[in-house]
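Undergrad: Please find one structure pasted underneath; my questions will follow.
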Amino acid sequence: MSADSAHGESKLVLLMALAANLGIAVAKFVAAGITGSAAMLTEGFHSVVDSLNQILLLYGQKRAARPADEMHPAGYGRELYFWSFVVAILIFATGAGLSMYEGITHLRDPEPPQDATVAYIVLLVSMALEGGSWWTAMRAFSQSKGSQGWWEAIRKSKDPPAFIVLFEDSAAMAGLIIAGIGIWLSHITHDGRWDGVASIAIGGVLGVVAILLARESKELLIGERAEPELIEAIRSGIARRAEVTRVGDVVTLHLGPRSVFVGCDVDFVDAVPAGAVERMIAEIEADLRRQWPEIGSLYIKPKAMVNATP
C-alpha cells in the first residue's frame with residue numbers, strides 16, 4: 001500500500017468512526033435521560049470522548065502533514081504522535097474516570113430501574129453503527145499488517161490512528177455489551193446497583209485500553225528506529241556499490257508514520273576523488289529514495305574505517 005493510499009485509508013477510518021460516535025452519543029444521552037441508567041450515561045460520555053479523540057487525531061494528521069521549515073527542518077510528522085498520546089490521556093482521565101465516578105455514585109445511591117425498552121433499542125442501534133466503524137478499522141489494519149500477527153503489528157505500527165480507532169471501537173463494543181448486561185440485571189433483580197457495577201466495569205475496560213495506547217504512543221513520541229528489514233536493505237543497497245569499502249553505523253528514526261530519518265557512515269575507496277564522492281552520495285540518495293519512498297531526511301557521512309570490522 002502506497003503512502004498516499006495508506007494516509008487516505010487512515011483518514012477514512014477516522015471520519016467513519018467520528019460520524020458513528022456523534023450519532024451514538026446523542027442517542028445514548030437521550031436513552032440515559034429516559035431510563036436513568038448510569039451505564040447508558042457512561043456510554044454516552046464514552047462516545048463523546050471517542051468523538052473528541054477522532055477530531056484530535058484528524059487535527060494531528062493535518063498538522064503532521066506540514067512541510068519542513070527553518071524551525072523544524074525534519075518536518076512535523078511526529079506531532080501526530082503527540083496528539084495520539086493526548087488521546088490516550090483523555091481516554092484514561094475522562095472516559096475511564098467519569099465511568100468509575102458514575103458507577104460509584106450509583107452504587108452508593110442506586111436509582112430504581114425504569115423501562116429499559118428505549119435503552120435496549122439504543123444499544124442495538126449503537127452496536128450496528130459501532131460495528132460498522134469497527135469493521136472498517138479492522139479491515140484497514142488487516143490490510144496494513146500483512147503477514148504479522150495482530151499484537152505484533154500493533155507493536156510495530158508507526159501510524160497511531162490505525163490502531164487507536166481499532167482499540168477504541170473494540171472497547172466501545174465491549175462497553176455496549178457490559179451496559180446491556182448491567183441494565184438487564186438491574187431489571188430482573190430490581191436492584192439498580194448492577195447498573196453501577198456495569199459502569200465501573202466499562203471504566204475498567206477504558207482504563208486498560210488507555211494504558212496500552214499511552215505505552216505505544218510514548219514509544220513513538222520518544223523515537224523509534226525503522227524496522228530491521230529496512231535498515232539492512234539500506235546497508236546492503238549502499239554496500240553493493242563498487243566505490244564503497246564498507247558501511248558503518250546506520251542510524252534511523254521515525255519522523256512520522258511514513259517518514260524515516262537515515263544517517264549513515266560510509267567508507268569510500270581511497271582512490272575516488274572528493275568530487276566523485278559527492279556525486280556518488282547524490283546517486284546513492286536518489287537510489288535509496290526511489291526504492292524506499294518512506295526515507296525522508298537522509299545524511300551520508302564519508303568516514304574512513306580502515307581498522308573497523310564490517
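Undergrad: For the range 227-241: of the residues being farther than 27 Å from S144 by Cα and without any contact (Cβ under 8 Å) to a residue 12 or more places away in the chain, which is surrounded by the most Cβ atoms within 10 Å (Cβ to Cβ)?
TA: A239
Undergrad: Check whether at least one residue in the range 204-226 is β-branched (V, I, T), in contact with a strand residue (DSSP E or B) (Cβ under 7 Å, 6 or more places away or on another chain) and surrounded by fewer than 18 Cβ atoms within 10 Å (Cβ to Cβ), and report yes or no.
TA: No: zero hits.
Undergrad: Also: In the range 113-170, what residues are farther than 20 Å from A38 by Cβ and among the aromatic types (F, W, Y)?
TA: W134, W135, F141, W150, W151, F163, F167
Undergrad: Name the residue, out of E130, E70, that is assigned to a helix (DSSP H, G or I) and in the same structural domain as I188 (by TED's automatic domain parsing).
TA: That would be E130, the only listed residue that is assigned to a helix (DSSP H, G or I) and in the same structural domain as I188 (by TED's automatic domain parsing).
Undergrad: Quick check on this structure: which one of G60, G44, G77 is more than 19 Å from A137 (Cα to Cα), out of contact with any Lys or Arg (no Cβ under 7 Å at 6 or more places or on another chain) and not assigned by TED's automatic domain parsing to the domain that holds S297?
TA: The match here is G77.
Undergrad: Another question, then. Anything in the range 33-70 that is small (G, A, S), surrounded by fewer than 24 Cβ atoms within 10 Å (Cβ to Cβ) and at pLDDT below 80? List them, or say none.
TA: Of everything in the range 33-70, just one residue is small (G, A, S), surrounded by fewer than 24 Cβ atoms within 10 Å (Cβ to Cβ) and at pLDDT below 80, namely G36.
Undergrad: Still on this structure, I have one more. What's the total number of residues in the range 249-267 that are surrounded by fewer than 16 Cβ atoms within 10 Å (Cβ to Cβ) and either modelled with pLDDT under 90 or acidic (D, E) (or both)?
TA: 1
Undergrad: For M40, only one of the following conditions fails: (1) in contact (Cβ under 8 Å) with a residue 40 or more places away in the chain; (2) not in a helix (DSSP H, G or I). What is its number?
TA: Every listed condition holds for M40 apart from (2).
Undergrad: In contact (Cβ under 8 Å) with a residue 12 or more places away in the chain, part of a helix (DSSP H, G or I) and among the β-branched types (V, I, T): which single residue out of V250, V260, V277, V272 fits that description?
TA: On inspection, the qualifying residue turns out to be V277.
Yes/no per residue for (1) within 31 Å of the chain's Cα centre (by Cα); (2) more than 24 Å from W151 (Cα to Cα):
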site	(1), (2)
I91	yes, no
Y101	yes, yes
D109	no, yes
L123	yes, yes
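Undergrad: Answer yes or no as to whether E219 is under 30 Å from I91 (Cα atoms), free of Cβ contacts under 8 Å to residues at least 24 places away in the same chain and outside any loop (DSSP other than H, G, I, E, B).
TA: Considered against the rule, which asks whether it is under 30 Å from I91 (Cα atoms), free of Cβ contacts under 8 Å to residues at least 24 places away in the same chain and outside any loop (DSSP other than H, G, I, E, B), E219 comes out as yes.
Undergrad: Give me a count of the residues in the range 177-191 that are surrounded by fewer than 24 Cβ atoms within 10 Å (Cβ to Cβ) and either touching a Leu at 6+ places or on another chain (Cβ under 7 Å) or not in a helix (DSSP H, G or I) (or both).
TA: Of the residues in that region, 3 qualify.
Undergrad: Give me the pairs, please: first residue somewhere in the range 119-145 and at negative phi, second residue anywhere and surrounded by 21 or more Cβ atoms within 10 Å (Cβ to Cβ) and of a type in the set (S, T, Y), beta-carbon distance under 6 Å, and either six or more positions apart or on two chains.
TA: As it stands, the answer is A119/T35; A119/S37, since those pairs meet every condition given.
Undergrad: Looking for something assigned by TED's automatic domain parsing to the domain that holds L176, touching a strand residue (DSSP E or B) at 6+ places or on another chain (Cβ under 6 Å) and in a loop (DSSP other than H, G, I, E, B) - is there at least one such residue anywhere in the range 104-124?
TA: No.
The values are calculated or read from the model by the stated rules, or taken from the named source; none is laboratory data. Predicted model only: the values in this text are computed from it and were never measured. Using ideal geometry, Cβ is built from the backbone for each residue, glycine included, and neighbour counts are taken over all protein chains shown.
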